[in-house]
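**Q** My questions all concern the structure below.
The values are calculated or read from the model by the stated rules, or taken from the named source; none is laboratory data. Source: prediction; values computed, not measured. For neighbour counting, all protein chains shown are included, and Cβ atoms are generated from backbone atoms with ideal geometry for every residue, glycine included. The protein model used for the area step is the full one, side chains on, heavy atoms only, and it has no ligands, DNA or RNA in it. Shrake-Rupley method; radii C 1.70, N 1.55, O 1.52, S 1.80 Å.
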Amino acid sequence: MSYTLILEIVLTELNNNQKGKFFSEVSKFIPTQDFQSFRRAVGKKTEVYTVFDTEYDKIINLRKIIKLLDDDMTNFTICQKTEEKIITINLLDLENIIDEFKVVHQLPYFKYHPNVYESGRISYFKDICEVCNQESSFFNEGCYGESDLEIICVHCIASGKAGKEHSVFFNYQYPISFNDDNIVEELHLRTPSILSWQEISWLEHCNDFCAYIGEVDWEGVSYLESALHSDLTLEASKYNLEHGDLKKALDSYLVGHLFKCIHCGKHRLTTDLP
Ligand SMILES: [Zn+2]
Ligand SMILES: [Zn+2]
C-alpha cells in the first residue's frame, strides 16, 4: 500500500549558531525551490518535509536531515501516513525502508552504474514510460539517437528494450584498452549515463569498463591517494596543475568522478569542470 512520510522538526533545543549551521548544511542537498518552504515550515513547526514512498532521492534526503540532528529523536518525528492511518515510525523503520527500497520496487541493477539510484541520474516521479507504456516512478531522462524519447523507465534500459526498439543509446564511449562488442553494447544500450558537465571518459581496468561510483571531492577520496596516483598525475596535467593544486581544485571548482574496477577492485578517477 502506498504511503507518505512526513518529517516534523522542533529546533528549540538548538541555539542560533547551531540552527544556522543546520540550515546551511540542509541547503547543500535540498533543491533551492524546496529549501525555502522547508525553512518556513521549520519555523512554524509544521510538516517540514513530505515524501512519497517512491521518491527514493527524497527519502535519502530525509535521512540526511535527521543525521544533521545527530539522530536525536527529541528533535524530530517521522510519521508514515496511508489512506487509513498515520503512525509514528522510528529510525530503524526508516533505515529498513531505505535498505529494502530497491527490492520492494524491483529495481534493476546496473553493473557499470551500481549507484545509479543515488547518483542523481534517475528521476522519481509518476508517469507513463514512452517505451513500454507502463506506469513507473523511476525514469532516466534523455538519451542519444534519432528518437525523441524523453522519459524511459529503468526497466526498459536494463532489458535493452529502449535501445533495441528505438535505436537510442545512453553512452557513447568506446574502450581504449580492450575490444569487446558485448561490453560496448552493455554500456551503450543498457547502462544509464553519468550526470556530468563536460564529456567524460568511462574509465577502464582489467580489460573492462569500470563501475561508476559517483561524484567525489578530494576530502572524500584522499584515503585512496596511492591507488589514484597515476590518474591524479594525468588529471593534473590536463589543467596544468601541480598535484597539490589539483587536490585543492577538487575541493572547490572541479568535480571528481570515481570509478571502481569490477574485477580487481582498483579505484580510478577522472575530473569534470562544471
Ligand atoms: Zn518502460
Ligand atoms: Zn582491475
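**Q** Could you figure out which of (1) under 19 Å from E118 (Cβ atoms); (2) crowded, with 19+ Cβ neighbours inside 10 Å isn't true of G220?
**A** G220 satisfies every listed condition except (2).
**Q** Taking the conditions exactly as written (at pLDDT 95 or above, farther than 30 Å from E13 by Cβ, within 15 Å of ligand 1 (Cβ to nearest atom) and outside any loop (DSSP other than H, G, I, E, B)), does C132 satisfy them or not?
**A** Spelling it out, it is not the case that C132 is at pLDDT 95 or above, farther than 30 Å from E13 by Cβ, within 15 Å of ligand 1 (Cβ to nearest atom) and outside any loop (DSSP other than H, G, I, E, B).
**Q** Does D208 qualify as being over 21 Å from the mean Cα position of the chain (by Cα) and open to solvent by less than 20 Å² (accessible area, probe 1.4 Å)?
**A** For D208, the condition - over 21 Å from the mean Cα position of the chain (by Cα) and open to solvent by less than 20 Å² (accessible area, probe 1.4 Å) - is met.
**Q** So is S237 within 23 Å of the chain's Cα centre (by Cα) and more than 15 Å from H113 (Cβ to Cβ) or not?
**A** Against the criterion (within 23 Å of the chain's Cα centre (by Cα) and more than 15 Å from H113 (Cβ to Cβ)), S237 does not qualify.
**Q** Among (1) surrounded by fewer than 18 Cβ atoms within 10 Å (Cβ to Cβ); (2) closer than 23 Å to L107 by Cβ, there is one condition W197 misses while meeting the rest; what is its number?
**A** Only one criterion is unmet by W197, namely (2).
**Q** Tell me, yes or no, whether the range 231-248 has at least one residue that is within 14 Å of ligand 2 (Cβ to nearest atom) and touching a strand residue (DSSP E or B) at 6+ places or on another chain (Cβ under 8 Å).
**A** yes
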